[in-house]
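This report refers to the structure that appears directly beneath it.
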Amino acid sequence: MMKRSKIQKPVSILLGLLIVLSMFAGLSLSALAADHVHHLVDHAAQSPTCTDIGWAAYQTCTDCDYSTFVELPATGHSYGTKGELRYTCLNCRFVNSALKAQAQKADDEAAAANVTAIINAIGTVDDSDACGKRIDEASVAYNRLTDAQKALVTNADTLRQAEHQYMVLREGACKYCGEKHDSSIGGGITAIIHTLLYHLLHFFGKM
Ligand SMILES: [Zn+2]
Ligand SMILES: [Zn+2]
Ligand SMILES: [Zn+2]
């Protein structure tokens with residue numbers, strides 16, 4: 001009785017250690033056999049993409065779980081700073097709709113701010129050619145905008161009023177609203193009437 005228990009105890013401790021070791025190493029018990037030589041297979045490297053993982057060249061063993069595989073994380077999309085590259089991935093051409101909307105909003109605001117500045121540059125209206133040129137430039141710039149951009153121009157009335165005043169000063173009457181030089185009342189009401197008729201004439205002119 002005494003002899004048997006003395007032999008069994010060290011053996012069971014050794015077996016227990018082996019199991020624990022094999023669990024930690026992630027290896028099967030057979031792989032721990034002293035005579036195991038890995039049969040290595042080479043695997044080519046795969047670069048990660050914007051959305052997929054990659055890996056460096058690695059080796060695996062055909063007979064055990066040995067592997068040197070190391071995952072390389074996906075790189076994520078990368079964007080530029082100008083034009084459509086602000087929302088189109090430089091690597092895979094993926095279009096980010098949220099960034100696109102943001103970029104278009106910024107473009108609309110910049111275009112509107114540019115035209116607002118051109119209209120402000122008209123200044124006091126007189127009957128000079130130079131003033132007429134400034135008004136024409138502002139009209140062309142404004143009409144080139146999209147409807148969304150026009151809505152962001154804060155001084156469109158100033159432009160309409162300048163067109164009106166210039167025509168009255170230069171030609172004696174406004175060809176849109178018909179107001180004569182003598183009866184020029186100026187101000188906001190004139191601009192509103194003028195704008196209304198200006199738009200009506202433009203609308204029918206296009207039909
Ligand atoms: Zn192996
Ligand atoms: Zn990408
Ligand atoms: Zn007018």
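Annotations for the structure displayed:
- Condition met for A130 (assigned to a helix (DSSP H, G or I), small (G, A, S) and at pLDDT below 95): no
- Any hit, the stretch 113-122, residues being within 16 Å of ligand 3 (Cβ to nearest atom) and either at pLDDT 95 or above or not hydrophobic (A, V, I, L, M, F, W, C) (or both): yes
- From the options D147, D127, residue that is in contact with a Phe, Trp or Tyr (Cβ under 9 Å, 6 or more places away or on another chain) and closer than 23 Å to I193 by Cβ: D127
- Members of the stretch 35-51 found to be among the hydrophobic types (A, V, I, L, M, F, W, C) and either under 30 Å from N96 (Cβ atoms) or in contact with a Ser or Thr (Cβ under 9 Å, 6 or more places away or on another chain) (or both), listed by number: L40, V41, A45, C50
- Unmet criterion (only one of (1) at pLDDT 65 or above; (2) more than 16 Å from ligand 1 (Cβ to nearest atom); (3) not in a loop (DSSP other than H, G, I, E, B)) for G80: (3)
- Out of T124, T116, one residue alone is in a helix (DSSP H, G or I) and hydroxyl-bearing (S, T, Y). It is T116.
- When the test is whether a residue is under 30 Å from Q165 (Cα atoms) and either within 16 Å of ligand 2 (Cβ to nearest atom) or within 25 Å of the chain's Cα centre (by Cα) (or both), A101 does not pass it.
- From the list T49, T81, T62, T68, the lone residue that is within 15 Å of ligand 2 (Cβ to nearest atom) and not assigned by TED's automatic domain parsing to the domain that holds Q149 is T49.
The values are calculated or read from the model by the stated rules, or taken from the named source; none is laboratory data. The model shown is predicted, which means the values in this text are computed figures rather than measured ones. Heads up, the Cβs are rebuilt from the backbone with ideal geometry, glycines too, and the neighbour counts pull from every protein chain shown.
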